[in-house]
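The values are calculated or read from the model by the stated rules, or taken from the named source; none is laboratory data. All values derive from a computational prediction rather than experimental measurement. So basically every Cβ, Gly included, is an ideal-geometry build from the backbone, and we count neighbours across all protein chains shown. Areas reflect the complete protein model, heavy atoms only, side chains present, ligands, DNA and RNA absent. Shrake-Rupley method; radii C 1.70, N 1.55, O 1.52, S 1.80 Å.
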Amino acid sequence: MFSQMIATWRHVFKLDPQKNLSGSALQQVCQSGTDAIIVGGTDGVTFDNTVELLGRVRRYELPCVQEVSSRDAIVPGFDGYLIPIILNASDVEWVIGAQHEAVKEFGGMIPWKDVMGEGYLVLNPESHVAKLTGSNTDISAEDVTAYAEMAEHLFHLPLFYVEYSGTYGNIEMVRAAKKGLRRSQLIYGGGIRNAAQAREMIAVADTVVVGNIVYENIQDALKTVKAVKG
């Protein structure tokens, strides 16, 4: 079951279909001992480049899920689908609008048992995702805790994702998110570029997501797996 599988994840690599990754680097990533691959990105993600990346990852035996950023890029064949809900977005389109349109269009074909909602909190004001969604990033630790509590207790979201997208985050904000959660899985993503940062974040979060460093320094990226999983 998808929810049971994702609950075991400690370390995940996120790969962007728009970015180039050599066959050798992809092999090292997929055979690194990471728990799963998430395929997704903020922009430039298409059906064609998503299919192409899925096909390459499928040569290896590890879970591969899609984080959906555009309904036009939804590809069948993933082990599961993560649906971001940007809780601090100023535009309702990113909270419920895009999701509603996708369900209206594909409702009869959606494998609901393989779909999970992610309560997203975007905290890097300079990130593309923050600008795209109009996310209010000027918030306190108390705000973060309240968002986490809302995600779990009001919306019953199984996943709460603290997203710093491109920069390494404030560990106190991650602790504030953890404070508001009892059952929901806390995921951290953003700016992890070495083993020490991965180790610091996994001490608080349930799962860490490593992304950009895969394309910048594959050896440093691989070291984050051992740092998280020991």
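Applying the condition of being within 27 Å of E149 (Cα to Cα) and among the hydrophobic types (A, V, I, L, M, F, W, C) to the stretch 97-119 and asking which residue is modelled with the highest pLDDT yields M116. Whenever a residue of the stretch 191-214 is on the phi > 0 side of the Ramachandran plot, its partners that are of a type in the set (S, T, Y) and open to solvent by less than 40 Å² (accessible area, probe 1.4 Å), lying with C-beta atoms within less than 9 angstrom and at least six residues away or across chains, give the pairs G191/Y164; G191/S165. Please go through the stretch 42-87 and give me each residue that is at pLDDT below 90 and among the acidic types (D, E), ordered by number. The answer is D43, D72. For the stretch 164-190, the set of residues classified as in contact with a Lys or Arg (Cβ under 8 Å, 6 or more places away or on another chain) and in contact (Cβ under 8 Å) with a residue 40 or more places away in the chain consists of G189 only.
Considering the stretch 1-18, and only residues there that are of a type outside the set (D, E, K, R) and in a loop (DSSP other than H, G, I, E, B), the residue that is most open to solvent (accessible area, probe 1.4 Å) turns out to be M1.
In the stretch 215-224, what residues are surrounded by fewer than 21 Cβ atoms within 10 Å (Cβ to Cβ) and either in contact (Cβ under 8 Å) with a residue 60 or more places away in the chain or touching a Cys at 6+ places or on another chain (Cβ under 6 Å) (or both)? Of everything in the stretch 215-224, those that are surrounded by fewer than 21 Cβ atoms within 10 Å (Cβ to Cβ) and either in contact (Cβ under 8 Å) with a residue 60 or more places away in the chain or touching a Cys at 6+ places or on another chain (Cβ under 6 Å) (or both) turn out to be Y215, I218.
In the stretch 88-96, is there at least one residue being under 24 Å from R175 (Cα atoms), surrounded by 15 or more Cβ atoms within 10 Å (Cβ to Cβ) and either of a type in the set (D, E) or at pLDDT below 90 (or both)? Within the stretch 88-96, one or more residues are under 24 Å from R175 (Cα atoms), surrounded by 15 or more Cβ atoms within 10 Å (Cβ to Cβ) and either of a type in the set (D, E) or at pLDDT below 90 (or both). Inspection of the stretch 42-51 finds no residue satisfying the criterion of being among the small types (G, A, S), touching a residue at least 12 places away in the same chain (Cβ under 8 Å) and open to solvent by less than 20 Å² (accessible area, probe 1.4 Å). Does S127 qualify as being modelled with pLDDT of 85 or more and in contact with a Gly (Cβ under 6 Å, 6 or more places away or on another chain)? Against the criterion (modelled with pLDDT of 85 or more and in contact with a Gly (Cβ under 6 Å, 6 or more places away or on another chain)), S127 qualifies.
Among the residues of the stretch 19-41, those that are surrounded by 14 or more Cβ atoms within 10 Å (Cβ to Cβ) and part of a loop (DSSP other than H, G, I, E, B) comprise K19, L21, S32, T34, D35, G40, G41.
With respect to G211, determine if the residue is over 18 Å from the mean Cα position of the chain (by Cα) and either under 20 Å from I38 (Cα atoms) or open to solvent by 10 Å² or more (accessible area, probe 1.4 Å) (or both). For G211, the condition - over 18 Å from the mean Cα position of the chain (by Cα) and either under 20 Å from I38 (Cα atoms) or open to solvent by 10 Å² or more (accessible area, probe 1.4 Å) (or both) - is not met.
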